[in-house]
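Reading through the structure tokens given below for one structure.
Bear in mind these aren't lab numbers, they're just calculated from the coordinates by the rules spelled out. Just so it is clear, the model here is predicted, and its values are computed rather than measured. Every residue, glycine among them, receives a Cβ derived from its backbone with ideal geometry; neighbour counts consider all protein chains shown.
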Amino acid sequence: MRRSRTVTLTLLAGTGLAVAACDSEPAGEGVLESRSACVQELGAAVSECDAVFRSARATHAATAPRFPSAEACREAVGGECADLAEEPRDGRGLPWAGTPAAVFIPVMAGVMIGRALSDGSRGATPVYAGRRPPDTACPPEMQGREGCPPASTASGSGGGHYWYSGSSYAGYSGSGGSGGYRPASASPAAGGAMARNAQAVSSASRSGVSASRSGGLGLSAAAHSGGGS
Amino acid sequence: MIRCRGAARPDWPARLAEIGLDYHSGGAEPEPGGGLWWHEADHWELTAAEVDVLDDATAALHALCLDAVDHLVRRAPHRLGTEFGLPEWMADYVCRSWLRGDPALMGRMDLAWDGGSGAPRLLEYNADTPTLAIETALAQWFWLEAVHPGADQFNALHEALLEGFRALASRMGGRGLHFAAFRDAPEEWAHSTYFRDLAEQAGIPTRPIGIPEIRWNDEAGEFRDGEEDRIAFLHKLYPWEWAAADEFGPFLARDTLGVIEPPWKAVLSHKAILPLLWERNPGHPNLLEVHHGPAPANGEWVEKPVLGREGANIRVLRDGAVTASTGGTYGGGPVVSQRRAALLMQDGWTGVIGSWVAAGRPAGLIFREAREAVVRENGRVLPHLFR
């Protein structure tokens, strides 16, 4: 046999679950609160639902907004919170492993599978009960850095009863353009070297990349239809 | 090779959407047999012997290509400037990246072959920013599973790419890999997401980024993303020749980040590699005769811009007269002239065989076809199988 024996996808539009197990469409916008709900609603095997939740939990621990105390966390999200140190550390040795103690994150209420994210990707995204906090929490890789947290407005992704954190190093592009905990901000010191180019890029770019965003690559694409071949 | 007619799966758009291929119709209303881009009602059927021929040709051509890069870097670096038009900093960067062994992941050759007694011939090598990976590794794989489960397919691309990313992971020291593409180019963004998916499965932390969002930080001397995090490794769907022409391109050569595909791939995706391959291996059965400059007055030739893409700005000539041509945005620059090859032709369709190299070995096939003499980016993609 000269073809791949198995093909598993986790980020691209279909989940591994969807392509491996079912002929029917996976659940759309639904939030699955438990493995048993996953098995029941998707008709998937227990092991596959285990994998979904394991992946979501790893993403959760790596990407959930951080708070210095349980009170601050509860106040921000209006829901239950937990000490990050208590989170199970299965997964792939994600960056929270070295995080200092006394970090609190909201409790994961379930996972969302389906076409829910703005870039069209699907995945087992952790979701939280309550309300999305303002974007003042730091993503894990920013802990301890100067200037964290920056002040900015909340993008309010998710909405309704559940919300998701919107961006993570594990690879989920978030809702609303900047796709993160805070908008991409061009700091004068950092953007200076490329300022001239950034102007050219923003005027030449082929989409709605805002003029205020600093750019680096892309100028030479202006005349062509794309970079692939 | 036989072009077989059949019927598309009734729900083919939904099946493709599951694997991220939602650009199958280029915005037009899908037809029953397939979209403007993906067409699964028909397929190509090969024999195992034909697959062997294509497999061997791809391996041989890839080896010739690596030999040509090595020759350029070690023996003739001046030609990187004179023939490939690389600025000096880029030529040095290419040489460094080759000599220190910067890893490469993938490339797709376009081969001309009609299945007859002649050998498959290299038309060009998309070694830098190949697309059609989703169509090859996923769309036709799932098509085969669903429609012809008993048949085989020369298509280990998914596994080979995964193997490539695992090998890469071992060299990355646990650091993350940014995946850059244009957010508003659906095909390219989907491909970047697919490659990111594979990287994640290989244990590499990833982050997507739009190409214009990549920034150079002068103080720190490093590239950063929109969140001010350092870009230590970058996978880009942005051709090297464009990066080399960008004002900030020289910052790349400061070597503060590892890039996939590596700088030395700039040489293979440039059509000046074609006359060099012929020069070093004249008469090789898998090569076409190629020269720099306009087509000679006698014979059948195809003129291509050295930095053209996707079949743009091509002229087909017979004895000096143009018999077919395409427009595009790549005209006006230097050209190479390649002997016209016998392409696959059946049912009024002209076919080009895409042949993948991943993890350093031939990894699978994908077919493209068009009604015209030149298969362009608006040609359509068909699955294949062999028995």
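Structural remarks
- Inter-residue pairs, beta-carbon under 7 Å, first at positive phi and in region B:187-211, second not aromatic (Phe, Trp, Tyr), 6+ apart: B:GLY203/A:ARG92; B:GLY203/B:ALA169
- Identity of the residue in region B:112-144, assigned to a loop (DSSP other than H, G, I, E, B) and facing chain A (nearest Cβ under 9 Å), that ends up nearest to the chain's Cα centre (by Cα): B:PRO130
- Residue within region B:137-154 that is out of contact with any Asp or Glu (no Cβ under 8 Å at 6 or more places or on another chain), under 28 Å from B:GLU213 (Cβ atoms), buried (at least 22 other Cβ atoms within 10 Å of the Cβ) and in contact (Cβ under 8 Å) with a residue 40 or more places away in the chain present: yes
- A count restricted to region B:191-209 and to residues that are under 20 Å from B:ASP22 (Cα atoms) and either of a type in the set (Ser, Thr, Tyr) or facing chain A (nearest Cβ under 7 Å) (or both) stands at 7.
- Of the residues B:VAL335, B:VAL352, B:VAL316, B:VAL259, the single one that is touching a residue at least 12 places away in the same chain (Cβ under 8 Å) and touching a helix residue (DSSP H, G or I) at 6+ places or on another chain (Cβ under 9 Å) is B:VAL259.
- If the condition is being in a loop (DSSP other than H, G, I, E, B) and either within 23 Å of the chain's Cα centre (by Cα) or within 21 Å of B:LEU122 (Cβ to Cβ) (or both), then region B:55-111 contributes B:ALA76, B:GLU83, B:PHE84, B:GLY85, B:LEU86, B:GLY101, B:ASP102, B:PRO103, B:ALA104, B:LEU105.
- Meets criteria (among the acidic types (Asp, Glu), out of contact with any Cys (no Cβ under 6 Å at 6 or more places or on another chain) and in a helix (DSSP H, G or I)) for B:ASP184: no
- Answer residue from region B:14-47, given it is crowded, with 16+ Cβ neighbours inside 10 Å, within 12 Å of another protein chain (Cβ to nearest Cβ) and touching a Phe, Trp or Tyr at 6+ places or on another chain (Cβ under 9 Å) and is farthest from A:LEU9 (Cα to Cα) among those: B:LEU46
- Residue in region B:39-48 that is without any contact (Cβ under 8 Å) to a residue 60 or more places away in the chain and either touching a Pro at 6+ places or on another chain (Cβ under 9 Å) or part of a strand (DSSP E or B) (or both) present: yes
- Of the listed requirements (1) touching a strand residue (DSSP E or B) at 6+ places or on another chain (Cβ under 6 Å); (2) in contact (Cβ under 8 Å) with a residue 40 or more places away in the chain; (3) not aliphatic (A, V, I, L, M), B:ARG376 misses just one: (1).
- Qualifying residue in region B:235-246 (condition: basic (Lys, Arg) and touching a residue at least 60 places away in the same chain (Cβ under 8 Å)): yes
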